[in-house]
Amino acid sequence: MIRIVFCDLDGTLVRPGGHVLDEDIDQLRRTTAGGARLVFVTGRPARCLSDLPAAVVGLSRHIVTSNGASEVVDGRTRILAPLAGQRAREFSDALRTADPKVSFATEFESAFGYEPGYAWWPATDTGADGFCADLADLTGSTLPVTKLLCRSAALNAGDLARTAQALGHAVTVTYSCRPEEGGPVEVLSPLASKGHAVRRILRDTGLTPAEALAFGDRANDIPMLQSVGEAVVIGDPTEPGLSVFPSAASVGTWLAVAHGEHRPARHPADGGTT
């Protein structure tokens, strides 16, 4: 029996343009009305939750943010696993040596910092809560860093992530986009990931992985999907690591099965659904 549902937001529940499927909202409401707990698990920092669709906001009081580095419960933000400034500086020095065309930004739950070479980051993130400074100052701020963001003028997200992982530093390296896109690659504390967050919540609530269901769609969701008894990829898998899980067209499509409705037939070739 599923007693807790972990659900990614962007790309999984919230579609491009902020669109949400009615069937997803209806089925999640039915699931929670039946006694299951719902936790959103997102790469967004707390400061980027204000533009979520109203229907989504009202579904859960618990949102894991910044890929597991922090969380918002009943509107209050708590930092779970900040990235130490010294660790961030040592990593950035090593990555810049490996890729001189990389530039960095720092994600805080309430602000966004970026070095001069990162000024081409979308204007939505360099607005009133964004500031430009050298990386040493950004990582030496009194604000706890939840993510170090890395973008390269030469490498796409997949290649940059592999370059970052090959450095062998004790950090979590992930990304929330497609591997062929420009990033950013996200570097977090070694104790921060969606998987770490899910396992902590299961321990705190006394639930087992077998009682948990998770939905995701990108590489940063893989640790979460691996931490539960039932995991579903929404849409076509974008990474080999996502292909091992069953897929569905939408969250609502999959949840309909739990409510006694018809599960679409699976493609034997790829494990997907129609």
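The values are calculated or read from the model by the stated rules, or taken from the named source; none is laboratory data. Keep in mind it's a predicted model, so treat the numbers as computed, not measured. No Cβ is skipped: glycine too gets one built from the backbone with ideal geometry, and neighbour counts run over all protein chains shown. Each accessible area value is taken on the protein alone, full model and side chains, heavy atoms only, with ligands, DNA and RNA left out. Shrake-Rupley method; radii C 1.70, N 1.55, O 1.52, S 1.80 Å.
Does residue 230 meet the test of being open to solvent by 40 Å² or more (accessible area, probe 1.4 Å), in contact (Cβ under 8 Å) with a residue 24 or more places away in the chain and touching a strand residue (DSSP E or B) at 6+ places or on another chain (Cβ under 7 Å)? Yes: the conditions hold for residue 230.
Across the range 190-241, which residue is nearest to the chain's Cα centre (by Cα) among those that are part of a helix (DSSP H, G or I) and polar (S, T, N, Q)? Lay out the reasoning, then the answer.
As a first pass, look at the range 190-241 and keep what is part of a helix (DSSP H, G or I): 194-205, 209-211, 219-225, 240-241.
Remaining after also requiring polar (S, T, N, Q): 205, 220.
On the way: 205: 21, 220: 5 Å.
Taking the candidates together, the pick is 220.
The residue list 52, 28 contains one member that is out of contact with any Cys (no Cβ under 7 Å at 6 or more places or on another chain), assigned to a loop (DSSP other than H, G, I, E, B) and open to solvent by less than 20 Å² (accessible area, probe 1.4 Å), which is 52.
This table checks each residue for (1) touching a helix residue (DSSP H, G or I) at 6+ places or on another chain (Cβ under 9 Å); (2) more than 24 Å from residue 112 (Cα to Cα); (3) not aliphatic (A, V, I, L, M).
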{"position": "34", "(1), (2), (3)": "yes, yes, yes"}
{"position": "42", "(1), (2), (3)": "yes, no, yes"}
{"position": "59", "(1), (2), (3)": "yes, yes, no"}
{"position": "78", "(1), (2), (3)": "no, no, yes"}
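Residue 94 passes all but one of (1) out of contact with any His (no Cβ under 7 Å at 6 or more places or on another chain); (2) among the hydrophobic types (A, V, I, L, M, F, W, C); (3) under 30 Å from residue 137 (Cα atoms); which number fails? Unmet for residue 94, out of (1) out of contact with any His (no Cβ under 7 Å at 6 or more places or on another chain); (2) among the hydrophobic types (A, V, I, L, M, F, W, C); (3) under 30 Å from residue 137 (Cα atoms): (1). Give me the residue from the range 15-25 that is open to solvent by 20 Å² or more (accessible area, probe 1.4 Å), part of a helix (DSSP H, G or I) and modelled with pLDDT of 95 or more and, out of that set, farthest from residue 212 (Cα to Cα). Looking at residues that are open to solvent by 20 Å² or more (accessible area, probe 1.4 Å), part of a helix (DSSP H, G or I) and modelled with pLDDT of 95 or more, I get 22.
For the range 105-130, the candidate set comprises residues that are part of a helix (DSSP H, G or I) and open to solvent by 30 Å² or more (accessible area, probe 1.4 Å); within that set, the residue that is modelled with the highest pLDDT is 116.
Looking only at the range 94-104, filter to residues that are part of a loop (DSSP other than H, G, I, E, B) and in contact with a strand residue (DSSP E or B) (Cβ under 7 Å, 6 or more places away or on another chain); which one of those is surrounded by the most Cβ atoms within 10 Å (Cβ to Cβ)? Write out each step before concluding.
Narrowing the range 94-104 to residues part of a loop (DSSP other than H, G, I, E, B): 99-101.
Okay, now just the ones that are also in contact with a strand residue (DSSP E or B) (Cβ under 7 Å, 6 or more places away or on another chain), so 99, 101.
Values: 99: 18, 101: 12.
It comes out as 99.
In the range 143-189, the qualifying residues are those that are free of Cβ contacts under 8 Å to residues at least 40 places away in the same chain and part of a loop (DSSP other than H, G, I, E, B), and the one that is farthest from residue 101 (Cα to Cα) is 143.
One residue is enough: does the range 61-70 have a residue meeting the conditions part of a strand (DSSP E or B), of a type in the set (S, T, N, Q) and either modelled with pLDDT under 95 or within 15 Å of the chain's Cα centre (by Cα) (or both)? Yes, the range 61-70 contains at least one residue that is part of a strand (DSSP E or B), of a type in the set (S, T, N, Q) and either modelled with pLDDT under 95 or within 15 Å of the chain's Cα centre (by Cα) (or both).
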